[in-house]
Amino acid sequence: QVQLVESGGGLVQPGGSLRLSCAASGSIFSIGAMGWYRQAPGKQRELVAAVTSDLTTNYADSVKGRFAISRDNAKNTVYLQMNSLKPEDTAVYYCNAGIRRRSFQSPVDYWGQGTQVTVSS
């Protein structure tokens, strides 16, 4: 069994910062791309940022220059540093990872439970 456990959400004022963490645990052979998605009320889930196993990153236009994604392969953990937060960043943030549990298996998408980020004065 594989689990993704997120932490670091909360309430922050506009212009503030938060750092999200997501740790994968369980029976893991390898992890490919890892990423963060978010879903605001009444909206579809959208990609925020992703990082491949060779550390290539990709960002939504709305967060470029403000957010930074990173990963620690030794800890099976991905991070999202969020700076200059805006009210429109308010959403539930979900961690995602493509994980192989055995060398002969194809990667399977796993999701975290979500963590609430609220940007408000």
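The values are calculated or read from the model by the stated rules, or taken from the named source; none is laboratory data. If you're wondering where the values come from, they're calculated on a predicted model, not measured in any experiment. Every residue, glycine among them, receives a Cβ derived from its backbone with ideal geometry; neighbour counts consider all protein chains shown. Protein only, heavy atoms only, side chains kept; ligands, DNA and RNA dropped before computing areas. Shrake-Rupley method; radii C 1.70, N 1.55, O 1.52, S 1.80 Å.
What the table shows:
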{"read-out": "Any hit, the stretch 94-112, residues being in contact with a strand residue (DSSP E or B) (Cβ under 9 Å, 6 or more places away or on another chain), touching a residue at least 40 places away in the same chain (Cβ under 8 Å) and of a type in the set (S, T, N, Q)", "value": "yes"}
{"read-out": "Filtered residues of the stretch 1-23 (kept if of a type outside the set (Ser, Thr, Tyr) and part of a loop (DSSP other than H, G, I, E, B))", "value": "GLN1, GLY8, GLY9, GLN13, PRO14, GLY15, GLY16"}
{"read-out": "Unique residue being within 11 Å of the chain's Cα centre (by Cα) and surrounded by fewer than 19 Cβ atoms within 10 Å (Cβ to Cβ) when the list is VAL51, VAL5", "value": "VAL5"}
{"read-out": "Failed item, numbered, when GLN39 is tested on (1) within 25 Å of SER121 (Cβ to Cβ); (2) open to solvent by less than 40 Å² (accessible area, probe 1.4 Å); (3) touching a Phe, Trp or Tyr at 6+ places or on another chain (Cβ under 8 Å)", "value": "(2)"}
{"read-out": "Members of the stretch 54-69 found to be surrounded by fewer than 16 Cβ atoms within 10 Å (Cβ to Cβ) and not in a helix (DSSP H, G or I), listed by number", "value": "ASP54, LEU55, THR56, THR57, ASN58, ALA60, LYS64, GLY65, ARG66"}
{"read-out": "In the stretch 8-27, the residues that are buried (at least 16 other Cβ atoms within 10 Å of the Cβ) and either more than 12 Å from the chain's Cα centre (by Cα) or on the phi > 0 side of the Ramachandran plot (or both)", "value": "GLY8, VAL12, LEU18"}
{"read-out": "Matching residues, the stretch 72-91, being within 14 Å of the chain's Cα centre (by Cα) and more than 14 Å from VAL5 (Cα to Cα)", "value": "ASP72, GLN81, MET82, ASP89, ALA91"}
{"read-out": "Test for TYR59: is it of a type in the set (Phe, Trp, Tyr) and under 10 Å from the mean Cα position of the chain (by Cα)", "value": "no"}
{"read-out": "Some residue of the stretch 24-33 being under 24 Å from SER120 (Cα atoms) and in a strand (DSSP E or B)", "value": "no"}
